[in-house]
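What follows is one structure encoded as structure tokens, with my remarks underneath.
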Amino acid sequence: MDNIENKVIVITGASSGLGEASAKALSAKGAIIVLAARRLERINALVEEFSKNGKKALAVQTDVTNFTQMQSLIEEAVKKFGKIDVLLNNAGIMPSTPMMDCDVTTWNQVINVNINGVLNGIAAVLPYFKEQKSGHIINVSSVAAHKIGKGSGIYSATKTAVRAISEGLRMEAKDYNIRTTIISPGVIDTELPNASGVPDQLTKQFYQAVAIPADSFARVIEFAISQPEEVDINEILFRPTRQEY
Ligand SMILES: NC(=O)c1ccc[n+]([C@@H]2O[C@H](COP(=O)([O-])OP(=O)(O)OC[C@H]3O[C@@H](n4cnc5c(N)ncnc54)[C@H](OP(=O)(O)O)[C@@H]3O)[C@@H](O)[C@H]2O)c1
């Protein structure tokens with residue numbers, strides 16, 4: 001694929017799953033990757049791996065819910081590499097949140113990471129993109145923004161918000177030559193169902209039966225990024241072939 005080499009790509013949630021797979025695939029194609037996550041040792045290890053392969057990369061410990069940290073991430077990327085071409089707003093969580101449990105603390109966590117995290121990324125990078133008169137913001141939504149499952153109303157709500165935010169941004173960003181993409185994956189084999197404690201049995205079984213590898217997501221990201229500047233891929237929804245939901 002053309003148009004990926006030497007692009008500076010900031011990826012949140014780069015320490016595992018879809019973010020890690022994208023970082024590896026894009027680095028292999030010659031992109032300069034700025035990896036953000038809370039688990040510093042994991043993103044440092046990836047930088048080391050990329051450097052051994054002769055590729056440039058930087059790890060910045062970042063909590064996406066903290067706007068100051070998101071601003072520092074963007075500043076460090078620009079300071080080190082002189083520009084940013086793409087922000088992949090990928091960090092997200094999916095703890096079990098049945099409405100009947102009324103676990104408001106967990107609901108707020110999901111809202112904070114999945115919605116405010118994305119908004120923080122947008123607000124941190126937009127000043128640079130506006131000045132550059134170019135840039136590409138990719139926001140990770142989900143099939144859960146298109147289908148609502150019993151027990152996942154809160155998660156679906158956050159991923160629906162990501163779609164609404166991205167579409168609103170798309171229209172406003174036109175004046176600045178900024179591109180916006182929503183990627184809505186189906187079930188992919190990552191730490192997502194396990195990361196926030198013990199997954200409920202149904203989710204675990206569903207993932208075991210249906211999930212496809214994370215490189216499927218990386219290929220979709222490559223497709224969106226590799227388009228010529230005049231082409232704006234706005235939305236992609238994809239699933240495992242065997243996934244009905
Ligand atoms: N896998 C799927 O089936 C699927 C389907 C549709 C959509 N998605 C979406 O894809 C995205 C990536 O998820 P994944 O499947 O790759 O899951 P994952 O393996 O659990 O990865 C989630 C990533 O988000 C990061 N993260 C979580 N909270 C964070 C915070 N407060 N600040 C910074 N980073 C944070 C984690 O890093 P640290 O813990 O190190 O901070 C980790 O790198 C999420 O937005 C998810 O909703 C996934």
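Which ones in the stretch 138-158 are over 17 Å from Ile221 (Cβ atoms) and either assigned to a helix (DSSP H, G or I) or among the aliphatic types (A, V, I, L, M) (or both)?
Ala144, Ala145, Ile148, Gly153, Ile154, Tyr155, Ser156, Ala157, Thr158 - these are the residues of the stretch 138-158 that are over 17 Å from Ile221 (Cβ atoms) and either assigned to a helix (DSSP H, G or I) or among the aliphatic types (A, V, I, L, M) (or both).
Annotation note: Cβ proximity below 7 Å between a residue of the stretch 166-193 that is on the phi > 0 side of the Ramachandran plot and a residue that is more than 7 Å from the ligand (Cβ to nearest atom) and of a type outside the set (Ser, Thr, Tyr) (sequence gap 6+ or interchain) occurs for Asn177/Lys133. So for the stretch 188-209 (the condition being under 15 Å from His136 (Cα atoms) and within 14 Å of the ligand (Cβ to nearest atom)), does at least one residue qualify? Scanning the stretch 188-209 turns up no residue that is under 15 Å from His136 (Cα atoms) and within 14 Å of the ligand (Cβ to nearest atom). Identification of helices (runs of 4 or more DSSP H) wholly contained in the stretch 183-245 with 2 or more residues that are modelled with pLDDT of 95 or more and in contact with a helix residue (DSSP H, G or I) (Cβ under 9 Å, 6 or more places away or on another chain) yields 215-225. Taking the stretch 173-209 as the range and being surrounded by 13 or more Cβ atoms within 10 Å (Cβ to Cβ), among the charged types (D, E, K, R) and under 22 Å from Leu126 (Cα atoms) as the test, only Arg179 passes. The set of residues in the stretch 116-153 being free of Cβ contacts under 8 Å to residues at least 60 places away in the same chain and within 21 Å of Gln243 (Cα to Cα) consists of Ser141, Ser142, Ala144, Ala145, Ile148, Lys150, Gly151, Ser152, Gly153. Pairing each residue of the stretch 94-115 that is within 20 Å of Thr190 (Cα to Cα) and open to solvent by 80 Å² or more (accessible area, probe 1.4 Å) with any residue that is β-branched (Val, Ile, Thr) and assigned to a loop (DSSP other than H, G, I, E, B), provided the two are 6+ apart or on different chains, yields C-beta distances under 8 Å for Gln109/Ile93.
On the phi > 0 side of the Ramachandran plot, away from the ligand (no atom under 13 Å from the Cβ) and modelled with pLDDT of 95 or more: does that describe Gly151?
No; evaluated as a whole, the condition is false for this residue.
Counting only residues that are buried (at least 18 other Cβ atoms within 10 Å of the Cβ) and free of Cβ contacts under 8 Å to residues at least 60 places away in the same chain, the stretch 210-239 holds 6 of them. Scanning the stretch 57-72 for residues being of a type in the set (Gly, Ala, Ser) and within 18 Å of Leu119 (Cα to Cα) gives a total of 1. Of all the criteria given as (1) within 16 Å of the ligand (Cβ to nearest atom); (2) touching a His at 6+ places or on another chain (Cβ under 6 Å), the one not satisfied by Arg179 is (1).
The values are calculated or read from the model by the stated rules, or taken from the named source; none is laboratory data. The shown structure was predicted, so the numbers you read here are calculated from the model rather than taken from an experiment. When we count neighbours, we look across all protein chains shown, and the Cβ atoms used for this are built from the backbone with ideal geometry, even at glycine. Heads up: the accessible areas ignore ligands, DNA and RNA and are worked out on the full protein's heavy atoms, side chains in. Shrake-Rupley method; radii C 1.70, N 1.55, O 1.52, S 1.80 Å.
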